[in-house]
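Below: one structure, written as structure tokens.
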Amino acid sequence: MDRRTLLKSLAAAGASSLLPHDAFAAWERVASGVAPRDGLSEAQLAHIGAIADVILPRTETPSATDVGVPAFIDVIVSEQMTEVDRQTFVANLDAIDPAALDAIESSSDRRGEPAHTYWRLKDLIVYGYFTSEPVMKTVLHYEVMPGKFDGGAPMPMAMPHG
């Protein structure tokens, strides 16, 4: 099983439980088109995009940047992280080299930097990707309300008791 298939399977199983408030609110914020106040810089967003597309590249499905994951991460980092977590994340982001992700992935040290920030970023990339509307609809085929609504379905007439 390849990485994308595994991620797709895991996401499909947990998509409905992951979508609630923080992902939904972040994606609504992205859709508004209003950049977060004190958001990440264009260079940081491009760096996140480069890393995201190494993790989830475009294949027969969209890439992480195709569905807007960097903007999603901008909202999460800027508006939902504590100030201490945000500062740590931003301070260590530039130390993550997209060409060296295999080395970080194979390292057993997840607490040191930049590995800690990388694993946090990877979680946000996967979370954002699989909670994005395009992926939920076209890749996972997630239906919020499964089935068909037929408001004009015929109903049997009740017979009066008497």
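Mind checking the full-extension length gain between Asp97 and Ala50? Use 0.36 nm per residue of separation minus the Cα-Cα distance, one decimal, nm.
Numbers: separation 47, 0.36 × 47 = 16.92 nm, distance 0.93 nm.
Extra length from Asp97 to Ala50 when fully extended: 16.0 nm.
Using R₀ = 25 Å, calculate the FRET efficiency as 1/(1 + (r/R₀)^6) where r is the Cβ-Cβ separation of Thr82 and Ser106; round to 0.05. List each step's numbers first, then the result.
Working: r = 30 Å, r/R0 = 1.20.
With R0 = 25 Å, the Cβ-Cβ based efficiency is 0.25.
Determine, for Asp85, Asp22, Asp109, the number of other Cβ atoms within 10 Å of each Cβ, and report the residues in order from fewest to most. Numbers along the way, then the final one.
Working: Asp85 12, Asp22 15, Asp109 9.
Fewest to most other Cβ atoms nearby, the residues stand as Asp109, Asp85, Asp22.
From the backbone phi of region 131-136, what are the Karplus-calculated ³J(HN,Hα) couplings (6.51 cos²θ - 1.76 cosθ + 1.60, θ = phi - 60°) in whole Hz, Gly and Pro given as x?
For region 131-136, the Karplus curve yields 9, 6, 4, x, 6, 4 Hz.
On the Cα set of region 3-138, report Rg and Dmax in Å, please.
Using the Cα atoms of region 3-138, the pair Rg, Dmax is 14.2, 40 Å.
Over region 3-138, what relative contact order in percent results from Cα pairs under 8 Å that are six or more residues apart? Before the final figure, lay out the partial values.
Numbers: 105 pairs, mean separation 43.7, N = 136.
Reported as a whole number, the value is 32 percent.
Can you sort Met136, Met157 by how many other beta carbons sit within 10 Å, fewest first? Display every interim value, and only then the final one.
Details: Met136 22, Met157 6.
By the 10 Å Cβ count, ascending, the order reads Met157, Met136.
Multiply the residue separation of Val90 and Glu60 by 0.36 nm, subtract the distance between their alpha-carbon atoms, and state the gained length in nm to one decimal. Display every interim value, and only then the final one.
Details: separation 30, 0.36 × 30 = 10.80 nm, distance 3.20 nm.
Difference between extended and current length: 7.6 nm.
Fully extended, how many nm does the chain gain between Glu133 and Arg37 (0.36 nm per residue separation, minus their Cα-Cα distance)? Can you show the working numbers first?
Values: separation 96, 0.36 × 96 = 34.56 nm, distance 2.39 nm.
That pair, Glu133 and Arg37, stretches by 32.2 nm at full extension.
Only the coordinates and a few stated rules stand behind these numbers; no lab work does. Predicted, not measured: the structure shown is a model, and the values here were computed from it. Cβ coordinates were reconstructed from backbone atoms using ideal geometry, including for glycine residues, and neighbour counts include every protein chain displayed.
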